[in-house]
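Enquirer: To start, I am sharing the structure in question, which I have written as structure tokens.
Every number here is computed from the coordinates shown, using simple stated rules; none is lab data. Predicted model only: the values in this text are computed from it and were never measured. Positions of Cβ are backbone-derived with ideal geometry, glycine not excepted, and every protein chain shown enters the neighbour counts.
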Amino acid sequence: MSSKDTYILGIESSCDETAAAVVKNGREVLSNVISSQIAIHTLYGGVVPEIASRKHIEKINQVVTEALKQAGMKITDCDAIGVTYGPGLIGPLLIGVSFAKGLSYASGVPLVGVHHIEGHISANYIENHELEPPFLCLVVSGGHTHLVRVKDYGEYEILGRTQDDAAGEAFDKVARAIGLGYPGGPKIDKVSKEGNPDAIHFPRAHVGDSEYDFSFSGLKSSVLNYLNSLEMKHEQYVQADVAASFQKAVVDVLVGNSVHAIEKFHADKFALAGGVASNSALREAMQKACEERGVKFYRPAPILCTDNAAMIGSAAYYDFKKGIRAGLDLNAVANLKLGERAY
């Protein structure tokens, strides 16, 4: 191990994945361990925060130990511990933050608190070593839909955000309504391949006074109304057609707002991030839109789109290099805003 290299242990527990990773110099992943809780939450049709918290307690020590083992390192070989401290579910966040603080205190390794969305954006640095700010990034997940100008490492301007449901949340609710179950995103993506995206026209919402903002609750309601109207008439619907038509409506809005921002800011680089960034229709449509405009397009592999700790290690590296450190009074912040630092 060269003394010039910087090694970060990343810890992520903001929702229902307990994850740890060791990242070298912000871009090279030495280990990336994820313990998913999807199977247990599927029984309830969504994430149950109490259950998620208990599972994090059970798994976090094992996951961190395994990440260090796979990287061939001890905790004292690391230069810092990066941990997600918001936004997310408060119980799960507290498990990760408390564990990281205890580990930092016991080992003497410095602590860095990481913003979860900043982690998603940083996932792009791992696979695209040439990517550097400034660029535009669309962050789409179960809890967030943000269109962001990445001005520099750790420096962001939010151009637009959802006014109601996040895109991933709408996917989950529609998937449940058409009998696909949880998690909705990958299931709708798969079924949509067999459907006609032009079978049903669902609305594309545009927020009048804010050109880059998103709104998906009206679209979700429109799908539910469509299903209810058929049920009242005792008519059947084609599951794949509903899924494909809904997905197209979401993708059209996401791509439309992104293209508007690309043209307005004369961007030459555009990145996707977040769980919904693994949606094949969104990736294809955004890639096509970027190619048509001569814009370089970046997106992480699906394993780095969903919640993971490699992205947290990457984000922590850039904060660490700036001299940012968290104290042992670091606390979880469920509604932490991008660009805010609560320590």
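Enquirer: What residue among Cys290, Leu111, Gly274 has its Cα farthest toward the positive end of the dipole of the chain, where the charges are +1 on Lys, Arg and -1 on Asp, Glu, each on the Cβ?
Expert: Checking the options against the dipole of the chain, the answer is Leu111.
Enquirer: Now for a different question. For Lys264, what charge total do you get from the other residues with a beta carbon under 13 Å from its beta carbon, if Lys and Arg give +1 and Asp and Glu give -1?
Expert: -1
Enquirer: Mind sorting out which of [x] 35, 23, 16; [y] 39, 22, 17; [z] 51, 29, 14 is the real semi-axes √(5λ) of the Cα gyration tensor in Å computed from the coordinates?
Expert: Only one option fits the structure, namely [x].
Enquirer: Running Debye on the stretch 124-223 with equal point scatterers at the Cα sites and no solvent, what base-10 log of I(q)/I(0) appears at q = 0.21 Å⁻¹?
Expert: At q = 0.21 Å⁻¹ the computed log10 ratios are -1.10.
Enquirer: Quickly rank 237-243, 90-96, 223-229, 313-319 as a protection proxy: mean count of other C-beta atoms within 10 Å, highest first.
Expert: So the peptides 237-243, 90-96, 223-229, 313-319, ranked by packing, come out 313-319, 90-96, 237-243, 223-229.
Enquirer: For Cα pairs less than 8 Å apart in space and 6+ apart in sequence, what is the mean separation divided by the residue count of the stretch 24-119, i.e. the relative contact order in percent?
Expert: Answer for the stretch 24-119 is 28 percent.
Enquirer: With +1 on the Cβ of every Lys and Arg and -1 on the Cβ of every Asp and Glu, and nothing else charged, how large is the dipole of the stretch 133-300 about its Cα centre, in debye rounded to the nearest 20?
Expert: Roughly 320 debye, rounded to the nearest 20.
Enquirer: Note down the net charge around Asp307, summing +1 for each Lys or Arg and -1 for each Asp or Glu among other residues with Cβ under 9 Å from its Cβ.
Expert: Net of charged neighbours comes to -3.
Enquirer: Of all DSSP beta bridges located in the stretch 133-300, what percent are antiparallel, nearest 5?
Expert: 60
Enquirer: Sticking with this one: Once you list every other residue whose beta carbon is under 14 Å from the beta carbon of Ile40, what net charge do they have if Lys and Arg are +1 and Asp and Glu are -1?
Expert: Local net charge: -1.
Enquirer: Can you give me the convex hull volume of the Cα atoms of the stretch 191-343, divided per residue and expressed in Å³?
Expert: Normalising the Cα hull of the stretch 191-343 by residue number yields 171 Å³.
Enquirer: Want the number for Glu155 to Arg176: 0.36 nm per residue separation, take away the alpha-carbon distance, what's left?
Expert: Answer, rounded to one decimal: 3.8 nm.
Enquirer: Using the Cα centre of the chain as the reference point, and only Cβ charges (+1 on K/R, -1 on D/E), how large is the resulting charge dipole? Debye, rounded to the nearest 20.
Expert: Approximately 480 debye in magnitude.
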